[in-house]
Amino acid sequence: MKKILLLIVVISFVSCKTQSNIVTSKKEAKAKGIYDYSVNRDTKVVKVARGKKSNNSVAKTEIQPEEEKSLYRNNKKANSLAFEIVDYARDNLGVKYRTGGTTRKGMDCSGLVFSTFGNYDISLPRTSIDMSRHGEKIKRDEAQPGDLIFFKTNGRTVINHVGIVTQIREDGEIEFIHSSTRRGVIISSTADNYYSKTYAQVNRVLSN
């Protein structure tokens, strides 16, 4: 039994080891203008209160057109739930890495995804490799906020890292939130050479 537990810990640690980052905290995300965003220039963002899902505890924020950067595509196709999930995941920016963790005391890559979707009563497998077999595998250029993005890091031949797509840039690059062993929960991009080389696939687990 001890050997099995040790194996799980080792797999989780190796799978979430990463080398690059864009945003490492909520403060930095807000400064770069990518913490709050809207489905389009005229819509409102409905943010779910921290802690757990609640139909009564929401706050509406009007997003002015000038606040939306032309750097990002207008992701009209993504449903409202996808944006709520992304915004909830961003509340974890800066949380430290913790093998097997699923709370703000610490979490690993699949733990972030598992707990974020779980907050909306969406059940996902616990490991990145099992998550990669869940939902519908789609083309990279079809990615939308709320989709899962997978990688084969550290020279591995199988998927061992996962994140949640947060934004699609006008140049087609994908920004995603994930938990890395070195930085904890951060936002990175496929524009980074490391993630461009280790990219594996994108899965859609939310229906439009």
May I ask you to verify whether residue 90 is surrounded by fewer than 17 Cβ atoms within 10 Å (Cβ to Cβ) and farther than 12 Å from residue 162 by Cβ? no
Here is a list of conditions, (1) under 16 Å from the mean Cα position of the chain (by Cα); (2) in a strand (DSSP E or B); (3) within 15 Å of residue 200 (Cβ to Cβ), and residue 137 meets all of them except one; can you say which number that is? (1)
What are the residues in region 139-157 that are surrounded by fewer than 15 Cβ atoms within 10 Å (Cβ to Cβ), among the β-branched types (Val, Ile, Thr) and touching a strand residue (DSSP E or B) at 6+ places or on another chain (Cβ under 9 Å), if any? none
From the list 174, 85, exactly one residue is within 18 Å of residue 206 (Cα to Cα), β-branched (Val, Ile, Thr), open to solvent by less than 10 Å² (accessible area, probe 1.4 Å) and in contact (Cβ under 8 Å) with a residue 60 or more places away in the chain. Which is it? 85
Only residues that are part of a strand (DSSP E or B), touching a Phe, Trp or Tyr at 6+ places or on another chain (Cβ under 9 Å) and open to solvent by 10 Å² or more (accessible area, probe 1.4 Å): list them for region 98-125, please. 102
Inside region 178-198, can you point out the residues that are part of a helix (DSSP H, G or I), in contact with a strand residue (DSSP E or B) (Cβ under 8 Å, 6 or more places away or on another chain) and open to solvent by 10 Å² or more (accessible area, probe 1.4 Å)? 198
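The values are calculated or read from the model by the stated rules, or taken from the named source; none is laboratory data. Just so it is clear, the structure is predicted and the values come from calculations on it, not from any experiment. So basically every Cβ, Gly included, is an ideal-geometry build from the backbone, and we count neighbours across all protein chains shown. What goes into the accessible areas is simple: the full protein's heavy atoms, side chains included, and nothing from ligands, DNA or RNA. Shrake-Rupley method; radii C 1.70, N 1.55, O 1.52, S 1.80 Å.
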